[in-house]
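Each reported figure results from applying straightforward, stated rules to the coordinates on display, with no laboratory input. Not measured: the values here are computed from a predicted model. FYI the Cβ positions are ideal-geometry reconstructions off the backbone, even for glycines, and counts take in every protein chain you see.
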There are 2 protein chains.
Amino acid sequence: MANRPLIFITNDDGYNAKGLKHLISIMQDYGDIVVVAPQKQMSGKSHSITVGSPLKLTLNNEEQSLQEYSLEGTPVDCVKMAFNKVLNRLPDLLVAGINHGSNASINTIYSGTMAAVMEGCAENIPSIGFSLNDDKSDADFSFCTKYIRSITEEVLNNGLDKNICLNVNFPQGQIEGMKVCHQAEAYWDEDFDVEEKDEGKTFYWLSGTYHCTDKSPQADYNAMMNHYASIVPMHVDFTAYNFIDKIRTKFETL
Amino acid sequence: MANRPLIFITNDDGYNAKGLKHLISIMQDYGDIVVVAPQKQMSGKSHSITVGSPLKLTLNNEEQSLQEYSLEGTPVDCVKMAFNKVLNRLPDLLVAGINHGSNASINTIYSGTMAAVMEGCAENIPSIGFSLNDDKSDADFSFCTKYIRSITEEVLNNGLDKNICLNVNFPQGQIEGMKVCHQAEAYWDEDFDVEEKDEGKTFYWLSGTYHCTDKSPQADYNAMMNHYASIVPMHVDFTAYNFIDKIRTKFETL
């Protein structure tokens, strides 16, 4: 390829995460790489942006076709900073991850990794989030490689439709193939670990259990549980279009 | 009404915001009120949750039909805390706001107020976010009152369909009526104010300009600019269903 693609990479597990390093190593075969990743762990930060306090950017490594920055900010801050202050042109592709832990189903709404992907999508950049259903810091990402390659080649060659991005989730261990899915309906049954402090103060630590209420084999969580890599096309339009006419008759006549 | 509804209220502008106080004063006519609102300003915190550090809850005021708590956490933390540790049953209604500033269009994806509403929706609670297109701390919310009353009465009497919530945005000044809308397509053209520090460090302060690319009068931002209160039915399913079949033929055959 005469002009190598410009590929931007970020994540939410932070600059030193193994999943990020693995994704960089794959992407180096496809283009010139710029990484801007959070200095610290930013899981669960969703589409959070930093307003009213400054962002600090550090260039950690510069090679011929690889620049690696860390940012004291959120994943979406990383995208905004890269697109506006770091890259000398908009990238041909944004990839985020590989996330340590699933971003299938309802998890996507909490995920900083998927928020970065949706931010790319809002800016009309082909954007893909990759996640592995294993949250260990030393998770084995090697068996995801050939699927990441296939998806990346398809998107670099043919693009993605305007206004959509991809949420890709890999099961642990064996992968049977890829399945295009919808976001599984589910909820978290939260709990809080309670800690009573000496001064009479109570501290609450968030925890919880995931419950999938979606029985469809086309639901991303179920496909992943059945050893498929799930691919969900996502958009940043939260409108529930099917309900517009129904609620119009209720509310416009009040 | 024999059994008064239980109404949960939160926001992202923080516990002391004028918009929150105004919303509480309206809701007291309709039910028993529990407020859990962030201790500090949490605008732009989206669906961020606090994991790995504790949440501190403070009861600030307790009257017969009104309990007011503040939480050192995000708006979504407030919802999770309330539903799991504060309320003795799930509420009949969740309302958030009144936000100081518009959450129409792409703003909804960054908003902590709308994230709280979507969290309520994910938990199957009828949930409504109210925002005014005026971000001043002393904004005048009085002319929104009759519309908030109409919407609240409709939802308390007839509920909302499963899996949808409402994003309501008010224009400044005169309101012509209510319009049911879709989320306007738009983007932020970010910029960063750059500050060079003595030690050679560079600090970046996020700012930007909003651009609406949606010409439809049914787009929420445009309705608001035309002096209507916009109402968008939203859901927490980010799947772009129209693209599932199209991308299936690409990706399942790779």
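Here are some notes:
- Residue-wise HN-Hα coupling along region B:110-123, computed from phi with Karplus coefficients 6.51, -1.76, 1.60 (Hz; x: Gly, Pro): 9, 6, x, 4, 6, 5, 4, 5, 5, 5, x, 4, 4, 9
- Amide hydrogen neighbours beyond the local backbone of A:Tyr228, cut-off 5 Å, H modeled: A:Glu176
- Teacher prompt: A:Lys40 distances to equivalent labels in other copies, 7 Å Cα→Cβ, nm: 1.1
- Summarising the amide proton neighbourhood of A:Ala186: residues at separation of 5 or more, or on other chains, whose placed amide H is nearer than 5 Å comprise A:Ile106, A:Thr213.
- Computed from the Kirkwood radius of its Cα pairs, the Stokes-Einstein diffusion coefficient for the protein assembly as shown at 10 °C and 1.306 mPa s stands at 68 µm²/s.
- Cα-based convex hull volume of region A:146-252 per residue, rounded to whole Å³: 217
- Reduced Cα scattering model of region A:1-154, Debye log10 I(q)/I(0), q = 0.08, 0.17, 0.19 Å⁻¹: -0.19, -0.90, -1.15
- Protection proxy ranking, peptides B:60-66, B:152-158, average beta carbon neighbours within 10 Å, highest first: B:152-158, B:60-66
- Relative packing of peptides A:229-237, A:91-99 - highest average C-beta neighbours within 10 Å first: A:91-99, A:229-237
- Computed from point charges on the beta carbon alone (+1 for Lys and Arg, -1 for Asp and Glu), the dipole magnitude for region A:82-227 about its Cα centre is near 760 Debye.
- Top of A:Ile49, A:Ile148, A:Ile244 by mean-square fluctuation, Gaussian network on chain A, Cα under 10 Å: A:Ile244
- Rounded, prolate or oblate (a/c below 1.5 giving rounded, otherwise prolate when a/b exceeds b/c) for region A:200-254 by Cα gyration tensor: oblate
- Distances between equivalent label points of A:Tyr241 across the copies, with each point positioned 7 Å along Cα→Cβ, amount to 0.9 nm, shortest listed first.
- Gaussian network model of chain B, Cα within-10 Å springs - most flexible of B:Asp12, B:Asp220, B:Asp161: B:Asp161
- Those aspartates and glutamates that a straight Cα-Cα span of less than 19 Å connects to A:Lys162, excepting residues fewer than 8 apart in one chain: A:Asp92, A:Glu119, A:Glu123, A:Glu153, A:Glu154, A:Asp237, B:Glu185, B:Asp189, B:Asp214, B:Asp237, B:Asp245
- Cβ neighbours within 10 Å from other chains - mean over B:52-59: 5
- Taking B:Phe143, B:Phe83, B:Phe203 as the candidate residues, the one with maximal mean-square fluctuation in a Gaussian network model of chain B, Cα springs under 10 Å, is B:Phe203.
- Global form of region A:74-231, assessed from the alpha-carbon gyration tensor, a/c cut-off 1.5: oblate
- Label 7 Å beyond Cα on the Cβ vector: A:Phe203 copy-to-copy distances, nm: 2.9
- Rounded to the nearest whole Hz, the Karplus-based 3J(HN,Hα) values (6.51 cos²θ - 1.76 cosθ + 1.60, θ = phi - 60°) of region A:16-33 follow the sequence 9, 5, 4, x, 5, 4, 5, 5, 4, 5, 5, 5, 4, 6, 10, x, 7, 10, with x at glycine and proline.
- Between region B:11-30 and region A:38-99, the C-alpha centres lie 36 angstrom from each other.
- Inter-part distance where region A:129-206 and region B:187-222 are each reduced to a Cα centre, Å: 28
- Comparing A:Val76, A:Gln64, A:His22 along the charge dipole axis of region A:22-95, the residue lying farthest to the positive side is A:Val76, per the Cβ-charge model.
- Within the protein assembly as shown: Cβ-based charge dipole about Cα centre, in debye rounded to nearest 20 (Lys, Arg +1; Asp, Glu -1): 700
- Across peptide B:185-195, the average count of Cβ atoms from other chains found within 10 Å of a residue's Cβ is 4.
- Grouping the Cα pair distances of region B:56-116 into 10 Å bins from zero gives a pair-distance distribution of 19, 49, 27, 5 percent in increasing distance order.
- Only aspartates and glutamates eight or more places from B:Lys136 in sequence, or on another chain, were considered; those with a Cα closer than 19 Å are B:Asp12, B:Asp13.
- Taking the charge dipole of region A:146-254 about its Cα centre, with +1 at Lys and Arg Cβ atoms and -1 at Asp and Glu Cβ atoms, the residue from A:Tyr228, A:Ile164, A:Pro217 reaching farthest to the positive side is A:Ile164.
- Translational diffusion of region A:99-145 was estimated from the Stokes-Einstein equation, with Rh taken as the Kirkwood radius over Cα pairs; at 37 °C and 0.692 mPa s the coefficient is 287 µm²/s.
- Per residue of A:203-209, other chain Cβ atoms within 10 Å of the residue Cβ number 6 on average.
- Dipole moment magnitude, nearest 20 debye, region B:18-120 about Cα centre, only Lys, Arg, Asp, Glu C-beta charged: 340
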